[in-house]
Amino acid sequence: PVIKVAALCGSVRKGSFNRSLIHSAIEISKESIKGMEIVYIDISPLPMLNTDLEVDGTFPPVVEVFRKKILEADSILFASPEYNYSITAPLKNAIDWASRPPNCWADKAAAILSASGGSGGARSHYHLRQIGVFVDLHFINKPEFFLNVFQPPSKFDSNGKLVDAEVKEKLKGVLLALHAFSLRLQTKHLK
Ligand code: FNR
């Protein structure tokens with residue numbers, strides 16, 4: 001079976017390092033991981049959550065489209081910077097929209113990447129994992145992936161593309177673990 005992965009970026013700015021990690025992940029999976037398809041999902045068109053926008057169980061069209069993409073995915077790959085020791089507001093907003101009943105996240109496997117300041121976004125991972133408890137996402141525990149983008153030399157080239165071989169290898173390790181765990185979850189459902 002092909003594991004379909006929805007990749008979400010917590011930063012909506014054009015030159016986002018975290019989105020660059022997702023593009024690298026897509027490249028790596030195409031080149032070297034059989035049975036895994038990663039699709040980038042842009043969360044920037046989502047309005048700020050407001051339950052007044054829900055009418056008789058329907059959502060604004062962009063929200064409906066987003067929720068459908070999450071529902072159809074087997075697994076989720078998050079790549080987000082840390083903002084003030086937590087995940088970003090755009091990412092929380094996206095998670096909240098797809099958590100409105102019926103919850104679109106339930107029982108999916110997930111993994112976290114972060115490119116951020118000093119600690120590489122490590123602290124935000126625990127907030128994201130905590131949210132995952134309620135929305136019923138199953139995060140892989142290891143390997144962990146944090147990348148400090150302020151520490152020279154840069155791991156990205158002048159176009160913002162990830163070029164560091166060691167970091168790419170780490171990223172591949174996360175993808176392999178997510179793939180294996182997604183298969184395990186599917187097997188569980190077949191029993
Ligand atoms: C940050 N940044 C940041 N970095 C960090 O390691 N810990 C933090 O708590 C914060 N807090 C924070 C708050 C706000 C409002 C901003 C805008 C930034 C720095 C941030 O991680 C860095 O700019 C990343 O490069 C942003 O990721 P993208 O946009 O390149 O994907």
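Every number here is computed from the coordinates shown, using simple stated rules; none is lab data. Since this is a predicted model, take the numbers as computed values, not measurements. Positions of Cβ are backbone-derived with ideal geometry, glycine not excepted, and every protein chain shown enters the neighbour counts.
For a Förster distance of 41 Å, can you work out the FRET efficiency between the beta-carbons of S158 and R184, rounded to the nearest 0.05?
Between S158 and R184 the formula returns 0.55.
Which residues does a label at D56 reach in the stretch 102-131, if reach means a backbone N under 18 Å from a point 7 Å past the Cα toward the Cβ?
Hits in the stretch 102-131 for D56 at 18 Å: 102.
If the only charges are +1 at each Lys and Arg Cβ and -1 at each Asp and Glu Cβ, what is the size of the charge dipole of the chain around the Cα centre, to the nearest 20 debye?
I would put it at about 420 debye.
Using the Karplus equation 6.51 cos²θ - 1.76 cosθ + 1.60 (θ = phi - 60°), what ³J(HN,Hα) coupling, rounded to whole Hz, does each residue of the stretch 101-117 give in order, writing x for Gly and Pro?
Result, rounded to whole Hz: x, x, 4, 8, 8, 3, 6, 9, 7, 8, 9, 10, 10, 8, 10, 7, x.
Check each of the GluC sites (Glu not before Pro) in the stretch 127-177 and keep only those in coil by DSSP with at most 16 other C-beta atoms within 10 angstrom; list them in order.
Taking the stretch 127-177 and a limit of 16 other Cβ atoms within 10 Å, the loop GluC sites (Glu not before Pro) found are E144.
Under the definition of Cα pairs under 8 Å and six or more residues apart, what whole-number percent is the relative contact order of the chain?
Taking the mean separation of contacting Cα pairs over the length of the chain, I get 24 percent.
According to the square roots a ≥ b ≥ c of the eigenvalues of the Cα gyration tensor, what is the shape class of the stretch 1-64, taking rounded for a/c under 1.5, prolate for a/b larger than b/c otherwise, and oblate for the remainder?
oblate
If we count every other residue with Cβ under 11 angstrom of V12's Cβ, Lys/Arg +1 and Asp/Glu -1, where does the sum land?
+2
Cross-link partners among lysines for K155, C-alpha distance below 17 Å, same-chain residues fewer than 8 apart left out?
Reachable lysines: K168, K170, K172.
The stretch 111-178: which chymotrypsin sites (Phe, Trp or Tyr not before Pro) are DSSP loop and have at most 14 other beta-carbon atoms within 10 angstrom?
Of the chymotrypsin sites (Phe, Trp or Tyr not before Pro), the ones in loops of the stretch 111-178 whose Cβ has at most 14 other Cβ atoms within 10 Å are F150.
With the crude spin-label approximation of a point 7 Å out along Cα→Cβ, what separation in nm comes out for L71 versus N103?
1.6 nm
Mind checking which of A25, A165, A109 has the largest fluctuation in a GNM of the chain, springs on alpha carbons under 10 Å?
A165
For the chain, modelled as a GNM with alpha-carbon contacts under 10 angstrom, which of H127, H138, H23 fluctuates the most?
Residue with maximal mean-square fluctuation among H127, H138, H23: H127.
For the stretch 113-191 and the stretch 1-77, what is the separation of their C-alpha centers, rounded to whole Å?
15 Å
List the chymotrypsin sites (Phe, Trp or Tyr not before Pro) within the stretch 1-102 that DSSP assigns to loop and that have no more than 13 neighbouring Cβ atoms inside 10 Å.
Qualifying residues, ordered by number: Y85.
Hey, quick one: spin label on L49, modelled 7 Å out along Cα-Cβ, who in the stretch 131-154 has an amide N within reach, i.e. under 18 Å?
Inside the label zone: 131-138.
Is the shape of the chain best called rounded, prolate or oblate, per the rule: a/c under 1.5 gives rounded, else a/b larger than b/c gives prolate, else oblate, with a ≥ b ≥ c the square roots of the Cα gyration tensor eigenvalues?
Note, shape of the chain comes out oblate.
Can you list the aspartates and glutamates whose alpha carbon is less than 20 Å from that of K69, not counting same-chain residues fewer than 8 positions off?
Answer for K69, where 20 Å is the Cα cut-off: E37, D42, E54, D96, D107, D136, listed by chain and number.
Starting from the amide H of M36, placed 1.01 Å from N in the peptide plane, find each other amide H under 5 Å away whose residue is 5 or more places distant or on another chain.
Amide H neighbours of M36: I3.
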